[in-house]
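Structure first, commentary second.
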Amino acid sequence: MEHTRVGAFEWERGSPETFTGTVWSTPMSRSPERTVTAIGVMFGPGARTFWHSHPDGQVLYVASGSGRVGNVDGKFVEIAAGDVVYTPAGESHWHGATSSSYLMHISITTGGATVWEPRAVTDEEYNGGAS
Ligand code: MN
């Protein structure tokens with residue numbers, strides 16, 4: 001058993017090359033034999049990822065707050081604590097907080113690193129309009 005106490009997590013700022021707004025993240029799976037990557041991510045109000053995809057897809061578990069997940073159809077879904085969102089392998093999408101709340105979610109992936117697109121989510125995309 002490995003018990004990591006809350007104060008031991010190392011948080012780092014989300015890069016402005018992959019996130020818009022204030023984002024902090026911390027790795028939650030640190031064992032050398034891990035095949036699953038779990039990352040806790042905290043978004044400030046209005047903060048979100050850039051467009052990206054995951055080689056084997058992604059499970060998002062919303063721990064607290066509320067947010068949005070959008071994809072290339074130009075729409076987004078509202079997410080809240082307790083929700084789970086699955087994004088299939090290779091599907092371009094984004095996620096973040098709502099404009100009036102923080103969002104804390106846990107990202108669970110296998111299959112390697114996130115594939116980032118050099119493209120921020122515009123305000124129009126963030127608000128569900130045409131891109
Ligand atoms: Mn994602």
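The values are calculated or read from the model by the stated rules, or taken from the named source; none is laboratory data. Source: prediction; values computed, not measured. Here Cβ is always computed from backbone atoms with ideal geometry, including for glycine, and neighbour counts include all displayed protein chains. Ligands, DNA and RNA are stripped out before the accessible areas are found, and what is left, the full protein with its side chains, is counted by its heavy atoms. Shrake-Rupley method; radii C 1.70, N 1.55, O 1.52, S 1.80 Å.
Please indicate, with yes or no, whether at least one residue in the stretch 106-119 is charged (D, E, K, R) and either away from the ligand (no atom under 15 Å from the Cβ) or in contact (Cβ under 8 Å) with a residue 60 or more places away in the chain (or both). Explain how you work it out, then say what you get.
As a first pass, look at the stretch 106-119 and keep what is charged (D, E, K, R): 117, 119.
Of the ones still in play, those that are also either away from the ligand (no atom under 15 Å from the Cβ) or in contact (Cβ under 8 Å) with a residue 60 or more places away in the chain (or both) are 117, 119.
Yes, some residue in the stretch 106-119 is charged (D, E, K, R) and either away from the ligand (no atom under 15 Å from the Cβ) or in contact (Cβ under 8 Å) with a residue 60 or more places away in the chain (or both).
Restricting the search to the stretch 65-79, which residues are open to solvent by 30 Å² or more (accessible area, probe 1.4 Å) and in contact with a His (Cβ under 7 Å, 6 or more places away or on another chain)?
N71
One residue is enough: does the stretch 1-20 have a residue meeting the conditions closer than 16 Å to S101 by Cβ, under 16 Å from the mean Cα position of the chain (by Cα), open to solvent by less than 30 Å² (accessible area, probe 1.4 Å) and within 16 Å of the ligand (Cβ to nearest atom)?
Looking through the stretch 1-20, none of the residues is closer than 16 Å to S101 by Cβ, under 16 Å from the mean Cα position of the chain (by Cα), open to solvent by less than 30 Å² (accessible area, probe 1.4 Å) and within 16 Å of the ligand (Cβ to nearest atom).
Name the residue, out of W24, W94, that is of a type in the set (F, W, Y), part of a strand (DSSP E or B), within 19 Å of V121 (Cα to Cα) and open to solvent by 20 Å² or more (accessible area, probe 1.4 Å). Let's see the steps before the verdict.
Numbers: W94 fails: open to solvent by 20 Å² or more (accessible area, probe 1.4 Å).
Going through W24, W94 in turn, the sole match is W24.
Can you find a residue in the stretch 1-10 that is of a type outside the set (S, T, Y) and in contact with a Gly (Cβ under 8 Å, 6 or more places away or on another chain)?
Initial filter on the stretch 1-10 (of a type outside the set (S, T, Y)): 1-3, 5-10.
Right, trim to in contact with a Gly (Cβ under 8 Å, 6 or more places away or on another chain) and you get 9.
Yes - at least one qualifying residue is present in the stretch 1-10.
When you scan the stretch 39-50, how many residues do you find that are assigned to a strand (DSSP E or B) and open to solvent by less than 20 Å² (accessible area, probe 1.4 Å)? Full working, then the answer.
Just the residues of the stretch 39-50 that are assigned to a strand (DSSP E or B), to begin with: 39-43, 48-49.
This time we only want the ones that are open to solvent by less than 20 Å² (accessible area, probe 1.4 Å), so: 40-41, 43, 48-49.
Selection size over the stretch 39-50: 5.
Can you name the residue in the stretch 51-64 that is outside any strand (DSSP E or B) and either in contact with a strand residue (DSSP E or B) (Cβ under 6 Å, 6 or more places away or on another chain) or near the ligand (Cβ under 10 Å from one of its atoms) (or both) and, of all such residues, is nearest to P118 (Cα to Cα)? Walk me through how you get there before you give the answer.
Applying the first criterion (outside any strand (DSSP E or B)) to the stretch 51-64 yields 51, 54-57.
If we keep only those that are either in contact with a strand residue (DSSP E or B) (Cβ under 6 Å, 6 or more places away or on another chain) or near the ligand (Cβ under 10 Å from one of its atoms) (or both) as well, we get 51, 54, 57.
Details: W51: 8, H54: 15, G57: 19 Å.
Restricting to residues being outside any strand (DSSP E or B) and either in contact with a strand residue (DSSP E or B) (Cβ under 6 Å, 6 or more places away or on another chain) or near the ligand (Cβ under 10 Å from one of its atoms) (or both), the top hit is W51.
Go through (1) closer than 21 Å to E17 by Cα; (2) in contact with a helix residue (DSSP H, G or I) (Cβ under 9 Å, 6 or more places away or on another chain); (3) assigned to a loop (DSSP other than H, G, I, E, B); (4) not hydroxyl-bearing (S, T, Y) one by one and return the number of the condition G74 breaks.
Only one criterion is unmet by G74, namely (1).
Does the stretch 51-86 hold any residues that are under 11 Å from the mean Cα position of the chain (by Cα) and free of Cβ contacts under 8 Å to residues at least 40 places away in the same chain, and which are they?
G67, V69, V85
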